[in-house]
Amino acid sequence: MYGKKLEEIKRKRVALLLKHEIEGEGKENTISGKKEPEREEKKIIAEERHIVVLGTAAAGYALKKIEEDGEVLQGLNSQFVKIEAEKIKLISGENFRKMKEIALENAEDVRIGGEGGIFASLWDVCTEYGAGLKCQLPKIPISSLVIELCEDGDTNPYLADYSGSIIAVTTKPEKLLEAVKEYLKEKMEEKGGETNRNNEIYENLLIAEIGHLISGPEKMIINGDEVRSLSPEY
C-alpha cells in the first residue's frame with residue numbers, strides 16, 4: 001500500500017513541476033530564483049565544490065500548512081503520513097542544530113533555507129562564488145508529504161518557504177553525508193520503535209548531494225533529458 005502511494009507521488013511530482021516551473025517575462029525554460037546582493041567573488045576551482053542539501057524542499061511551507069489547516073492531511077493513507085512525518089521530524093529540532101554543526105565541520109559554506117525556496121538559495125550560492133551550476137532536480141530531497149501539501153496549495157515546492165533545511169558547499173560531500181547519516185542512525189536507535197519503519201526512514205533520509213558548481217555563467221537544472229536555466233526574479 002505504501003509502495004503504491006509512493007509511485008503515485010512520483011507521478012505527481014513531475015506533473016507539479018511541469019505546471020509551475022516556467023516563470024519569467026517572456027523567457028522560456030527559466031526557473032525563478034530570488035536575486036540577492038552581489039558579494040565578493042571567491043576564487044575557486046568550481047567543479048570541486050559540491051552542493052549537499054540536508055532537509056526537504058518546502059519544509060517551512062509544509063509545517064506552516066499543517067499548523068494552519070490540520071484537515072489537509074485527511075484522506076491520505078495514515079501509514080504514509082506517519083512515515084513521511086517521521087522523516088521530516090528526524091531532521092528538525094535538536095537534530096537540525098546538530099546537522100548544522102556537522103555541516104560547518106565538513107563544508108566551507110553553510111546556509112539555512114529561507115522564504116525564497118531552494119532555487120533562491122542555489123542562486124545565492126552561485127552569486128557568492130561567481131560560478132555556474134549543474135543541479136540534478138530528482139536528487140533534491142523532497143518529502144512525499146510535502147509534494148501532497150504543495151499540490152493541495154497549488155504551490156511549486158522548489159520556490160516555497162525552505163526554512164528548516166540546510167544547503168552546504170563542500171569539497172568532501174561523501175564525508176559530510178556519512179557523518180550526518182551516522183548521527184541520525186544513532187538518534188533512531190536511541191528512540192527505538194518498529195524496525196521495518198526505521199529501516200524505511202533510514203533508507204530514504206531527506207539528505208543528498210544534488211550537484212556541483214561549474215566555471216562559467218550557466219546555471220543548469222537538469223531533469224533527465226531536459227535542461228532548464230536557473231535565473232533571478234527581477
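I'm trying to understand the selection: among the residues of the stretch 138-159, which are among the charged types (D, E, K, R) and outside any helix (DSSP H, G or I)? Hit for the stretch 138-159 is 154, nothing else. Looking only at residues of the stretch 104-119 that are crowded, with 23+ Cβ neighbours inside 10 Å and not aromatic (Phe, Trp, Tyr), we find that the one that is farthest from residue 50 (Cα to Cα) is 117. No other residue among 154, 161 is at positive phi, of a type in the set (Asp, Glu) and either touching a helix residue (DSSP H, G or I) at 6+ places or on another chain (Cβ under 8 Å) or surrounded by fewer than 20 Cβ atoms within 10 Å (Cβ to Cβ) (or both) apart from 154.
Residue count for the stretch 160-190, restricted to those that are closer than 22 Å to residue 67 by Cβ and either assigned to a loop (DSSP other than H, G, I, E, B) or more than 11 Å from the chain's Cα centre (by Cα) (or both): 6. Evaluate the stretch 51-67: report whether one residue or more is under 19 Å from the mean Cα position of the chain (by Cα), farther than 18 Å from residue 232 by Cβ, surrounded by fewer than 16 Cβ atoms within 10 Å (Cβ to Cβ) and modelled with pLDDT of 85 or more. No: zero hits. Is it the case that some residue within the stretch 77-85 is outside any helix (DSSP H, G or I) and surrounded by 22 or more Cβ atoms within 10 Å (Cβ to Cβ)? No, there is no match, as no residue in the stretch 77-85 is outside any helix (DSSP H, G or I) and surrounded by 22 or more Cβ atoms within 10 Å (Cβ to Cβ).
The values are calculated or read from the model by the stated rules, or taken from the named source; none is laboratory data. These figures come from a predicted structure and were not determined experimentally. With ideal geometry, Cβ positions are generated from the backbone for all residues, glycine too; neighbour counts draw on all protein chains shown.
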